[in-house]
Amino acid sequence: MEQAQLVDEYGYVKDGKVFLSGYLSYPDRQIGEVKRTEQEALDYFKNRFTIAENKVNQLEQEVEEAQNKGSYLTKLVQLRKKLLSFDAIGNFIPLLNRLDEQEQILVELIRTNQLKNLEIKQALLAEAESIASNSDWKETAEKLQEVKLKWIKTGPVDKELDANIETRFAETLDGFFQRRREFFNEQNKVIQERLDKYDSLIAQAERAVRTIYEADRSRPFKRDNLEGEALERANIAEERYMKVLTEAYHLIRNLNNEWKEVGEVPIKKSGKILKKYRRATKTIFDRYNLARGIQPKVRIDPRVEQQMKMADEAEKLAKQSDIPAAAERAKQLLNQWKEIKIPFKLVDKTVSDRFRSACDKIFELNYLERVIMRKYPAFELKSRSEQIRTKVRELEYLVRREKSDLAMSMSSMDTSGRSGNEEMDKMMLSKINTQKRKIAMKEQILNEFNKELNQY
(Lines give C-alpha, C1' and ligand atoms only; values in the text may rest on other atoms or scores of the structure.)
Protein backbone atom coordinates (compact mmCIF):
# COMPACT_ATOMS: atom_id res chain seq x y z
CA MET A 1 0.00 0.00 0.00
CA GLU A 2 1.39 3.40 -1.04
CA GLN A 3 2.60 5.63 1.78
CA ALA A 4 0.78 8.90 2.51
CA GLN A 5 2.46 12.10 1.14
CA LEU A 6 2.68 15.57 2.77
CA VAL A 7 3.59 18.47 0.48
CA ASP A 8 5.01 21.94 1.35
CA GLU A 9 5.88 24.84 -0.98
CA TYR A 10 9.59 24.01 -0.85
CA GLY A 11 9.61 20.36 0.20
CA TYR A 12 7.60 17.25 0.87
CA VAL A 13 7.44 13.91 2.67
CA LYS A 14 7.25 10.67 0.74
CA ASP A 15 7.63 7.07 1.84
CA GLY A 16 8.80 8.16 5.29
CA LYS A 17 11.53 10.39 3.91
CA VAL A 18 11.82 14.19 3.83
CA PHE A 19 12.79 15.90 0.55
CA LEU A 20 13.80 19.42 -0.44
CA SER A 21 12.15 20.38 -3.74
CA GLY A 22 14.53 21.09 -6.58
CA TYR A 23 15.41 24.67 -7.46
CA LEU A 24 17.45 26.32 -10.17
CA SER A 25 19.36 23.45 -11.77
CA TYR A 26 19.45 21.33 -8.63
CA PRO A 27 17.11 18.28 -8.43
CA ASP A 28 14.98 17.16 -5.49
CA ARG A 29 17.17 15.99 -2.63
CA GLN A 30 16.47 13.81 0.39
CA ILE A 31 17.37 15.71 3.55
CA GLY A 32 16.02 13.45 6.32
CA GLU A 33 13.61 10.80 7.54
CA VAL A 34 10.34 10.82 9.48
CA LYS A 35 11.02 9.92 13.11
CA ARG A 36 7.52 10.38 14.60
CA THR A 37 5.00 12.13 12.33
CA GLU A 38 5.32 13.55 8.86
CA GLN A 39 4.20 17.03 9.99
CA GLU A 40 6.76 17.13 12.77
CA ALA A 41 9.49 16.10 10.36
CA LEU A 42 8.41 18.73 7.85
CA ASP A 43 8.21 21.44 10.51
CA TYR A 44 11.64 20.50 11.88
CA PHE A 45 13.37 21.02 8.54
CA LYS A 46 11.37 24.21 7.83
CA ASN A 47 12.58 25.60 11.18
CA ARG A 48 16.16 24.68 10.31
CA PHE A 49 15.97 27.07 7.38
CA THR A 50 16.33 29.97 9.83
CA ILE A 51 19.86 28.72 10.53
CA ALA A 52 20.76 29.23 6.86
CA GLU A 53 19.18 32.70 6.88
CA ASN A 54 21.11 33.66 10.02
CA LYS A 55 24.39 32.49 8.46
CA VAL A 56 23.83 34.76 5.45
CA ASN A 57 22.74 37.68 7.67
CA GLN A 58 25.79 37.24 9.87
CA LEU A 59 28.17 37.19 6.89
CA GLU A 60 26.61 40.37 5.44
CA GLN A 61 26.97 42.12 8.79
CA GLU A 62 30.61 41.04 9.20
CA VAL A 63 31.45 42.24 5.70
CA GLU A 64 29.75 45.55 6.41
CA GLU A 65 31.74 46.11 9.61
CA ALA A 66 35.09 44.73 8.42
CA GLN A 67 37.96 46.95 7.31
CA ASN A 68 39.52 44.25 5.16
CA LYS A 69 36.35 43.19 3.37
CA GLY A 70 38.19 41.28 0.65
CA SER A 71 39.28 38.64 3.18
CA TYR A 72 35.64 37.45 3.39
CA LEU A 73 35.43 36.23 -0.22
CA THR A 74 36.67 32.74 0.66
CA LYS A 75 34.23 32.56 3.58
CA LEU A 76 31.41 33.56 1.24
CA VAL A 77 32.28 30.85 -1.29
CA GLN A 78 32.40 28.26 1.49
CA LEU A 79 29.01 29.41 2.82
CA ARG A 80 27.44 29.11 -0.64
CA LYS A 81 28.78 25.56 -0.90
CA LYS A 82 27.32 24.73 2.52
CA LEU A 83 23.91 26.19 1.58
CA LEU A 84 23.70 23.93 -1.48
CA SER A 85 24.05 20.86 0.78
CA PHE A 86 22.31 22.26 3.86
CA ASP A 87 19.46 20.04 5.16
CA ALA A 88 16.51 22.42 5.53
CA ILE A 89 13.27 23.33 3.74
CA GLY A 90 12.86 26.88 2.47
CA ASN A 91 13.51 29.23 -0.40
CA PHE A 92 17.30 29.08 -0.93
CA ILE A 93 17.25 31.14 -4.11
CA PRO A 94 17.08 34.60 -2.41
CA LEU A 95 19.89 33.58 -0.04
CA LEU A 96 22.08 32.48 -2.95
CA ASN A 97 21.23 35.71 -4.82
CA ARG A 98 22.30 37.75 -1.80
CA LEU A 99 25.57 35.86 -1.70
CA ASP A 100 26.04 36.47 -5.44
CA GLU A 101 25.54 40.20 -4.89
CA GLN A 102 28.01 40.21 -2.03
CA GLU A 103 30.48 38.27 -4.15
CA GLN A 104 30.26 40.80 -6.97
CA ILE A 105 30.90 43.62 -4.49
CA LEU A 106 33.86 41.80 -2.92
CA VAL A 107 35.36 40.80 -6.26
CA GLU A 108 35.16 44.40 -7.48
CA LEU A 109 36.60 45.66 -4.20
CA ILE A 110 39.45 43.15 -4.39
CA ARG A 111 40.14 44.12 -7.99
CA THR A 112 40.27 47.80 -7.00
CA ASN A 113 42.56 47.03 -4.05
CA GLN A 114 44.79 44.87 -6.23
CA LEU A 115 45.16 47.72 -8.72
CA LYS A 116 45.99 50.07 -5.87
CA ASN A 117 48.45 47.52 -4.44
CA LEU A 118 50.01 47.15 -7.88
CA GLU A 119 50.60 50.91 -8.09
CA ILE A 120 52.18 50.92 -4.63
CA LYS A 121 54.41 47.93 -5.38
CA GLN A 122 55.46 49.34 -8.73
CA ALA A 123 56.49 52.56 -6.96
CA LEU A 124 58.34 50.57 -4.26
CA LEU A 125 60.05 48.47 -6.95
CA ALA A 126 61.15 51.61 -8.78
CA GLU A 127 62.48 53.05 -5.51
CA ALA A 128 64.37 49.85 -4.71
CA GLU A 129 65.88 49.67 -8.21
CA SER A 130 66.95 53.33 -8.04
CA ILE A 131 68.94 52.88 -4.80
CA ALA A 132 70.11 49.26 -5.11
CA SER A 133 73.12 50.27 -7.22
CA ASN A 134 74.43 52.54 -4.46
CA SER A 135 77.62 51.43 -2.73
CA ASP A 136 76.95 53.18 0.56
CA TRP A 137 76.29 49.76 2.07
CA LYS A 138 74.96 50.69 5.49
CA GLU A 139 72.63 53.51 4.42
CA THR A 140 71.40 51.66 1.34
CA ALA A 141 70.73 48.46 3.30
CA GLU A 142 68.67 50.44 5.83
CA LYS A 143 66.66 52.11 3.04
CA LEU A 144 66.03 48.78 1.29
CA GLN A 145 64.87 47.25 4.57
CA GLU A 146 62.38 50.11 4.94
CA VAL A 147 61.16 49.53 1.37
CA LYS A 148 60.86 45.78 2.05
CA LEU A 149 58.81 46.44 5.18
CA LYS A 150 56.40 48.63 3.17
CA TRP A 151 56.26 45.90 0.50
CA ILE A 152 55.30 43.24 3.06
CA LYS A 153 52.57 45.48 4.49
CA THR A 154 51.11 46.06 1.01
CA GLY A 155 48.39 43.59 0.01
CA PRO A 156 48.51 41.18 -2.94
CA VAL A 157 48.14 42.07 -6.63
CA ASP A 158 46.45 40.19 -9.44
CA LYS A 159 47.76 36.60 -9.64
CA GLU A 160 48.79 37.02 -13.27
CA LEU A 161 51.08 39.93 -12.32
CA ASP A 162 52.10 38.79 -8.84
CA ALA A 163 54.85 36.33 -9.80
CA ASN A 164 56.59 38.80 -12.11
CA ILE A 165 56.63 41.78 -9.76
CA GLU A 166 57.59 39.66 -6.73
CA THR A 167 60.46 38.12 -8.71
CA ARG A 168 61.74 41.51 -9.86
CA PHE A 169 61.61 42.89 -6.31
CA ALA A 170 63.38 39.86 -4.84
CA GLU A 171 66.07 39.98 -7.57
CA THR A 172 66.65 43.70 -6.90
CA LEU A 173 67.21 43.12 -3.17
CA ASP A 174 69.21 39.94 -3.71
CA GLY A 175 71.42 41.75 -6.24
CA PHE A 176 72.30 44.48 -3.76
CA PHE A 177 72.97 42.16 -0.85
CA GLN A 178 75.04 39.85 -3.08
CA ARG A 179 77.17 42.83 -4.16
CA ARG A 180 77.52 43.82 -0.52
CA ARG A 181 78.63 40.30 0.45
CA GLU A 182 81.19 40.24 -2.36
CA PHE A 183 82.49 43.67 -1.33
CA PHE A 184 82.94 42.68 2.31
CA ASN A 185 84.45 39.34 1.32
CA GLU A 186 87.02 41.28 -0.69
CA GLN A 187 87.48 43.71 2.20
CA ASN A 188 88.04 40.81 4.59
CA LYS A 189 90.61 39.42 2.18
CA VAL A 190 92.41 42.78 2.08
CA ILE A 191 92.23 43.10 5.87
CA GLN A 192 93.65 39.60 6.31
CA GLU A 193 96.53 40.46 3.97
CA ARG A 194 97.20 43.58 6.04
CA LEU A 195 97.07 41.59 9.28
CA ASP A 196 99.52 39.09 7.82
CA LYS A 197 101.82 41.97 6.86
CA TYR A 198 101.59 43.43 10.38
CA ASP A 199 102.38 40.01 11.85
CA SER A 200 105.43 39.80 9.59
CA LEU A 201 106.69 43.21 10.73
CA ILE A 202 106.12 42.30 14.39
CA ALA A 203 107.99 39.01 13.89
CA GLN A 204 110.97 40.89 12.37
CA ALA A 205 111.01 43.36 15.28
CA GLU A 206 110.80 40.56 17.86
CA ARG A 207 113.64 38.66 16.13
CA ALA A 208 115.75 41.83 16.32
CA VAL A 209 115.03 42.07 20.05
CA ARG A 210 116.08 38.44 20.58
CA THR A 211 119.30 39.10 18.63
CA ILE A 212 120.06 42.06 20.91
CA TYR A 213 119.46 39.94 24.02
CA GLU A 214 121.81 37.26 22.69
CA ALA A 215 124.52 39.84 21.95
CA ASP A 216 123.98 41.38 25.37
CA ARG A 217 124.52 38.07 27.16
CA SER A 218 128.02 37.79 25.66
CA ARG A 219 129.07 41.10 27.24
CA PRO A 220 130.88 40.91 30.61
CA PHE A 221 128.95 42.25 33.55
CA LYS A 222 131.99 44.30 34.75
CA ARG A 223 134.95 45.49 32.68
CA ASP A 224 136.91 47.51 35.24
CA ASN A 225 139.24 44.69 36.33
CA LEU A 226 139.68 43.04 32.94
CA GLU A 227 143.11 42.89 31.31
CA GLY A 228 144.80 41.30 28.31
CA GLU A 229 142.77 38.77 26.36
CA ALA A 230 139.77 39.10 28.65
CA LEU A 231 139.60 42.83 27.99
CA GLU A 232 140.04 42.23 24.26
CA ARG A 233 137.20 39.68 24.24
CA ALA A 234 135.05 42.13 26.18
CA ASN A 235 135.77 44.88 23.64
CA ILE A 236 134.90 42.54 20.76
CA ALA A 237 131.64 41.55 22.52
CA GLU A 238 130.85 45.23 23.11
CA GLU A 239 131.52 46.10 19.47
CA ARG A 240 129.36 43.20 18.34
CA TYR A 241 126.58 44.31 20.69
CA MET A 242 126.72 47.89 19.36
CA LYS A 243 126.75 46.62 15.78
CA VAL A 244 123.70 44.41 16.42
CA LEU A 245 121.98 47.25 18.26
CA THR A 246 122.67 49.73 15.43
CA GLU A 247 121.45 47.28 12.81
CA ALA A 248 118.29 46.64 14.83
CA TYR A 249 117.77 50.39 15.21
CA HIS A 250 117.95 51.00 11.46
CA LEU A 251 115.79 47.93 10.83
CA ILE A 252 113.07 49.33 13.09
CA ARG A 253 113.19 52.69 11.33
CA ASN A 254 112.59 50.89 8.04
CA LEU A 255 109.88 48.73 9.59
CA ASN A 256 108.17 51.87 10.88
CA ASN A 257 107.99 53.23 7.34
CA GLU A 258 106.54 49.93 6.11
CA TRP A 259 104.10 49.89 9.02
CA LYS A 260 102.66 53.25 7.98
CA GLU A 261 102.00 51.98 4.46
CA VAL A 262 100.13 48.78 5.37
CA GLY A 263 96.68 50.32 5.83
CA GLU A 264 93.83 50.24 8.33
CA VAL A 265 92.42 47.15 10.03
CA PRO A 266 89.45 46.83 12.47
CA ILE A 267 90.10 48.80 15.65
CA LYS A 268 89.55 45.71 17.84
CA LYS A 269 92.56 44.07 16.20
CA SER A 270 94.70 47.14 15.56
CA GLY A 271 95.08 47.84 19.27
CA LYS A 272 96.59 44.40 20.00
CA ILE A 273 99.01 44.32 17.10
CA LEU A 274 100.14 47.91 17.71
CA LYS A 275 100.78 47.08 21.37
CA LYS A 276 102.95 44.07 20.43
CA TYR A 277 104.88 46.08 17.85
CA ARG A 278 105.49 49.04 20.17
CA ARG A 279 106.71 46.73 22.92
CA ALA A 280 109.40 45.35 20.60
CA THR A 281 110.40 48.68 19.06
CA LYS A 282 110.48 50.44 22.43
CA THR A 283 113.00 47.88 23.71
CA ILE A 284 115.28 48.56 20.76
CA PHE A 285 114.94 52.36 20.85
CA ASP A 286 115.44 52.48 24.63
CA ARG A 287 118.61 50.36 24.46
CA TYR A 288 119.96 52.31 21.47
CA ASN A 289 119.35 55.68 23.14
CA LEU A 290 120.92 54.45 26.38
CA ALA A 291 123.98 53.12 24.57
CA ARG A 292 124.39 56.37 22.62
CA GLY A 293 123.65 58.63 25.55
CA ILE A 294 120.60 60.09 23.78
CA GLN A 295 117.84 61.61 25.88
CA PRO A 296 114.67 61.10 23.80
CA LYS A 297 112.07 63.83 23.70
CA VAL A 298 108.57 62.74 24.58
CA ARG A 299 106.36 63.84 21.69
CA ILE A 300 102.87 64.86 22.62
CA ASP A 301 100.17 65.05 19.96
CA PRO A 302 99.27 68.74 19.40
CA ARG A 303 95.60 67.93 19.95
CA VAL A 304 96.31 66.26 23.29
CA GLU A 305 98.51 69.21 24.23
CA GLN A 306 95.65 71.56 23.40
CA GLN A 307 93.32 69.55 25.64
CA MET A 308 95.86 69.64 28.47
CA LYS A 309 95.92 73.45 28.28
CA MET A 310 92.10 73.53 28.29
CA ALA A 311 91.99 71.24 31.35
CA ASP A 312 94.46 73.54 33.16
CA GLU A 313 92.35 76.58 32.30
CA ALA A 314 89.13 74.88 33.45
CA GLU A 315 90.71 73.96 36.80
CA LYS A 316 91.81 77.58 37.29
CA LEU A 317 88.31 78.81 36.39
CA ALA A 318 86.81 76.51 39.08
CA LYS A 319 88.87 78.35 41.72
CA GLN A 320 88.06 81.93 40.74
CA SER A 321 85.49 84.02 42.62
CA ASP A 322 83.50 85.23 39.58
CA ILE A 323 81.70 81.92 38.97
CA PRO A 324 79.11 83.24 36.42
CA ALA A 325 81.97 84.46 34.21
CA ALA A 326 83.77 81.15 34.73
CA ALA A 327 80.62 79.29 33.65
CA GLU A 328 80.41 81.30 30.42
CA ARG A 329 84.04 80.56 29.63
CA ALA A 330 83.56 76.86 30.51
CA LYS A 331 80.74 76.65 27.94
CA GLN A 332 83.09 78.01 25.30
CA LEU A 333 85.76 75.51 26.30
CA LEU A 334 83.25 72.64 26.09
CA ASN A 335 82.35 73.59 22.53
CA GLN A 336 86.03 73.84 21.58
CA TRP A 337 86.71 70.46 23.22
CA LYS A 338 84.00 68.79 21.08
CA GLU A 339 85.61 70.14 17.92
CA ILE A 340 88.95 68.47 18.69
CA LYS A 341 88.89 65.08 16.97
CA ILE A 342 91.45 62.70 18.47
CA PRO A 343 91.82 59.02 17.48
CA PHE A 344 90.67 56.72 20.27
CA LYS A 345 94.16 55.27 20.80
CA LEU A 346 95.60 58.75 21.47
CA VAL A 347 92.95 59.92 23.94
CA ASP A 348 94.39 60.76 27.36
CA LYS A 349 91.66 59.67 29.78
CA THR A 350 93.30 61.44 32.72
CA VAL A 351 93.17 64.78 30.90
CA SER A 352 89.57 64.16 29.79
CA ASP A 353 88.50 63.33 33.36
CA ARG A 354 90.25 66.45 34.70
CA PHE A 355 88.52 68.68 32.17
CA ARG A 356 85.06 67.19 32.71
CA SER A 357 85.40 67.30 36.49
CA ALA A 358 86.48 70.97 36.43
CA CYS A 359 83.58 71.94 34.15
CA ASP A 360 81.11 69.99 36.31
CA LYS A 361 82.36 71.82 39.37
CA ILE A 362 82.01 75.23 37.69
CA PHE A 363 78.44 74.53 36.56
CA GLU A 364 77.41 73.18 39.97
CA LEU A 365 78.88 76.22 41.74
CA ASN A 366 77.16 78.50 39.25
CA TYR A 367 73.80 76.79 39.83
CA LEU A 368 74.27 77.01 43.60
CA GLU A 369 75.08 80.71 43.31
CA ARG A 370 71.90 81.37 41.31
CA VAL A 371 69.85 79.54 43.96
CA ILE A 372 71.52 81.52 46.75
CA MET A 373 71.00 84.89 45.03
CA ARG A 374 67.34 84.10 44.44
CA LYS A 375 66.56 82.91 47.97
CA TYR A 376 68.86 85.22 49.97
CA PRO A 377 68.89 88.81 48.60
CA ALA A 378 71.10 89.99 51.50
CA PHE A 379 73.59 87.10 51.12
CA GLU A 380 76.55 89.42 50.44
CA LEU A 381 76.02 91.12 53.81
CA LYS A 382 76.56 87.87 55.73
CA SER A 383 79.92 86.91 57.24
CA ARG A 384 82.06 84.40 55.35
CA SER A 385 81.28 81.63 57.86
CA GLU A 386 77.53 82.29 57.61
CA GLN A 387 77.73 82.33 53.81
CA ILE A 388 79.38 78.91 53.85
CA ARG A 389 76.77 77.54 56.29
CA THR A 390 74.02 78.79 53.96
CA LYS A 391 75.66 77.14 50.99
CA VAL A 392 76.07 73.90 52.92
CA ARG A 393 72.35 73.84 53.84
CA GLU A 394 71.30 74.46 50.24
CA LEU A 395 73.73 71.89 48.86
CA GLU A 396 72.57 69.26 51.35
CA TYR A 397 68.98 69.88 50.24
CA LEU A 398 69.94 69.64 46.56
CA VAL A 399 71.84 66.40 47.13
CA ARG A 400 68.86 64.83 48.96
CA ARG A 401 66.48 65.89 46.17
CA GLU A 402 68.71 64.61 43.38
CA LYS A 403 69.36 61.32 45.16
CA SER A 404 65.59 60.87 45.42
CA ASP A 405 65.22 61.60 41.67
CA LEU A 406 68.02 59.12 40.91
CA ALA A 407 66.37 56.42 43.00
CA MET A 408 63.10 56.94 41.12
CA SER A 409 64.87 56.73 37.75
CA MET A 410 66.67 53.51 38.69
CA SER A 411 63.53 52.00 40.20
CA SER A 412 61.58 52.84 37.05
CA MET A 413 64.21 51.16 34.89
CA ASP A 414 64.35 48.09 37.15
CA THR A 415 60.55 47.78 37.11
CA SER A 416 59.92 48.32 33.41
CA GLY A 417 63.21 46.79 32.22
CA ARG A 418 64.81 47.62 28.92
CA SER A 419 62.43 49.02 26.30
CA GLY A 420 63.94 47.07 23.41
CA ASN A 421 64.65 50.39 21.73
CA GLU A 422 68.44 50.64 21.80
CA GLU A 423 68.40 54.42 21.37
CA MET A 424 65.91 54.93 24.20
CA ASP A 425 67.84 52.59 26.52
CA LYS A 426 71.07 54.49 25.84
CA MET A 427 69.35 57.79 26.62
CA MET A 428 67.99 56.40 29.89
CA LEU A 429 71.38 55.04 30.99
CA SER A 430 73.05 58.30 29.99
CA LYS A 431 70.54 60.25 32.09
CA ILE A 432 71.20 58.03 35.13
CA ASN A 433 74.98 58.35 34.76
CA THR A 434 74.67 62.14 34.46
CA GLN A 435 72.58 62.24 37.65
CA LYS A 436 75.21 60.18 39.50
CA ARG A 437 78.01 62.46 38.27
CA LYS A 438 76.18 65.62 39.37
CA ILE A 439 75.47 64.18 42.81
CA ALA A 440 79.12 63.13 43.22
CA MET A 441 80.31 66.64 42.31
CA LYS A 442 77.84 68.28 44.73
CA GLU A 443 79.09 66.01 47.50
CA GLN A 444 82.70 66.91 46.65
CA ILE A 445 81.90 70.64 46.84
CA LEU A 446 79.98 70.03 50.07
CA ASN A 447 83.02 68.32 51.55
CA GLU A 448 85.24 71.28 50.57
CA PHE A 449 82.79 73.74 52.19
CA ASN A 450 82.69 71.70 55.41
CA LYS A 451 86.51 71.66 55.55
CA GLU A 452 86.57 75.44 55.18
CA LEU A 453 83.84 75.80 57.79
CA ASN A 454 85.88 73.81 60.31
CA GLN A 455 88.53 76.53 60.17
CA TYR A 456 86.17 79.08 61.74
| field | Karplus (6.51, -1.76, 1.60) ³J(HN,Hα), θ = phi - 60°, over the stretch 15-31, in Hz, Gly and Pro reported as x | value | 6, x, 10, 9, 10, 9, 5, x, 8, 6, 9, 9, x, 4, 9, 5, 10
| said: I'd like the orientation of helix 159-217 relative to the chain: the angle between its Cα long axis and the longest Cα principal axis, in ° from 0 to 90, rounded to 10. | reply: 20
| field | Point-to-point label distance, E402-E443, nm (Cα→Cβ direction, 7 Å offset) | value | 1.1
| said: Roughly how far apart, in whole Å, are the Cα centres of the stretch 362-390 and the stretch 20-43? | reply: 101
| said: Ignoring GluC sites (Glu not before Pro) that are buried or in helix or strand per DSSP, and keeping those with at most 11 other beta carbon atoms within 10 Å, what is the longest stretch of the chain between them? | reply: 10-226
| note | Between G90 and residues 5 or more places away or on another chain, the pairs with built amide H atoms under 5 Å apart involve none
| said: Need one value: the accessible area of I323 in square angstrom, 1.4 angstrom probe, rounded to the nearest 10. | reply: 10
| note | Probe 1.4 Å, all chains present, heavy atoms only: D87 accessible area in Å², nearest 10, is 60
| field | Anchor K345: lysines whose Cα lies under 22 Å away (excluding residues fewer than 8 positions away in-chain) | value | K197, K260, K268, K269, K272, K275, K276, K282, K297, K309
| request: Under a cut-off of 18 Å between alpha-carbon atoms, report the aspartates and glutamates in cross-link reach of K81, not counting same-chain residues fewer than 8 places apart. | output: D28, E53, E60, D100, E101, E103
| task | Could you work out how far helix 422-453 tilts from the main Cα principal axis of the chain, as a 0 to 90 degree angle to the nearest 10? | result | 40
| field | Accessible surface ranking that places the most exposed of T283, T112, T350 first, with a 1.4 angstrom probe | value | T350, T112, T283
| message | Just to be sure I understand, if you calculate Rg and Dmax of the Cα atoms in Å for this structure, which of (i) 44.4, 153; (ii) 22.4, 86; (iii) 22.4, 77 do you get? | response | (i)
| field | Heavy-atom surface of the chain, accessible at 1.4 Å and reported per residue (Å²) | value | 67
| task | Among the lysines, select those whose C-alpha is under 17 Å from the C-alpha of K35, and discard any that sit fewer than 8 residues away in the same chain. | result | K14, K17, K46
| note | In degrees rounded to 10, the 0-90 angle between helix 38-65 Cα long axis and the longest Cα principal axis of the chain is 40
| query | How much accessible surface area, in Å² rounded to 10, belongs to the heavy atoms of S411 with a 1.4 Å probe? | reply | 60
| task | Enumerate the amide H contacts of I31 below 5 Å, restricted to partners 5 or more residues apart or on another chain; note that Pro and chain-start residues carry no placed amide H. | result | V18, F19, L20
| field | 12 Å beta-carbon shell around A123, net charge (K/R +1, D/E -1) | value | 0
| remark: For the stretch 316-388, the accessible surface attributable to carbon and sulfur atoms (probe 1.4 angstrom, ligands and nucleic acids excluded) amounts in percent to 54
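The values are calculated or read from the model by the stated rules, or taken from the named source; none is laboratory data. Not measured: the values here are computed from a predicted model. Cβ sites come from the backbone with ideal geometry, for glycine too, and all protein chains shown count toward neighbours. Surface areas here come from the heavy atoms of the whole protein model, side chains and all, with no ligands, DNA or RNA. Shrake-Rupley method; radii C 1.70, N 1.55, O 1.52, S 1.80 Å.
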